Amino acid sequence: MELRDLYQDVILDHSKHPRNFGTLGPPAFEARGNNPLCGDRVTVYLTLDGDRVADVRFEAKGCAISVASASMMTELIKGRPLEEVRALFSRFHAAVTAKNAPDAANLEALDGLAALIGVRDFPTRVKCATLAWHAMSSALDGSGTTVKTE
Ligand code: ZN
């Protein structure tokens with residue numbers, strides 16, 4: 001796989017026109033992610049309604065993959081039960097770090113995230129693709145700390 005193949009239309013679209021870009025004030029949970037290898041920085045803000053994600057926003061400075069991944073994440077998790085959000089993150093994380101390529105069923109289970117699966121051929125880009133997810137997860141845990149992907 002060539003590096004240019006990584007930049008599918010859906011990724012370029014999200015990186016140029018990020019969805020849910022911005023901030024949420026208190027009492028939103030918030031957490032930062034920092035990927036020093038690439039220089040990506042992301043802050044995720046989210047509010048809950050019971051055990052669902054009520055709203056989610058993010059701010060990011062970084063490469064196309066990190067911004068697109070954050071944007072795609074906000075679209076996928078908004079309104080979703082936390083249990084599903086955590087399960088999706090865990091499937092996504094497993095798929096991009098697994099030794100073997102995901103099969104069709106696994107890709108299906110990734111929702112729209114299958115577009116990002118190409119990062120598994122570029123280990124340094126895996127951190128770009130998962131940064132916002134780690135920050136989101138940290139925000140949910142209420143730790144509100146900065147997540148480093150190193
Ligand atoms: Zn990056």
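The values are calculated or read from the model by the stated rules, or taken from the named source; none is laboratory data. Computed from a prediction, not measured in an experiment: that's the story for all the values here. All Cβ positions, even for glycine, are placed from backbone atoms using ideal geometry, and neighbour counts span all protein chains on display. Only protein heavy atoms, including side chains, enter the accessible area calculation; ligands, DNA and RNA are left aside. Shrake-Rupley method; radii C 1.70, N 1.55, O 1.52, S 1.80 Å.
The 3J(HN,Hα) values that the Karplus relation (6.51, -1.76, 1.60; θ = phi - 60°) gives for region 83-89 are, in residue order, 4, 5, 4, 5, 5, 5, 4 Hz. Gly and Pro appear as x.
Computed from Cα positions, the angle between helix 64-77 and the longest principal axis of the chain comes to roughly 60 degrees.
With a Cα cut-off of under 16 Å and a minimum spacing of 8 residues unless on different chains, the lysine pairs in the chain number 5. Over region 1-68, Cα pairs under 8 Å with separation of 6+ residues give a relative contact order of 34 percent.
Can you pull the percent of the chain's accessible area that's carbon plus sulfur, 1.4 Å probe, other chains left in place? Before the final figure, lay out the partial values.
On the way: 3630 of 7450 Å².
On the chain, the fraction of accessible area on carbon and sulfur atoms equals 49 percent.
Taking the Cα centre of region 3-148 as reference, the dipole from Cβ charges on Lys and Arg (+1) and Asp and Glu (-1) amounts to some 480 debye. Under a plain spin-label model, where a point goes 7 Å from the Cα along Cα-to-Cβ, how far apart in nm are A64 and S90? The modelled label-to-label distance comes out at 3.3 nm. In the chain, a dipole from Cβ-located charges (positive for Lys and Arg, negative for Asp and Glu) runs towards its positive end, and of L131, N20, A54 it is L131 whose Cα lies farthest in that direction. Among P102, G33, S90, whose Cα projects farthest towards the positive end of the dipole of the chain, with charges put on the beta-carbon of Lys, Arg (+1) and Asp, Glu (-1)? Farthest towards the positive pole: G33. Helical content alone sets the calculated 222 nm signal of the chain at -13000 deg cm²/dmol, taking -39,500 (n - 2.57) per DSSP H segment of four or more residues and averaging over every residue.
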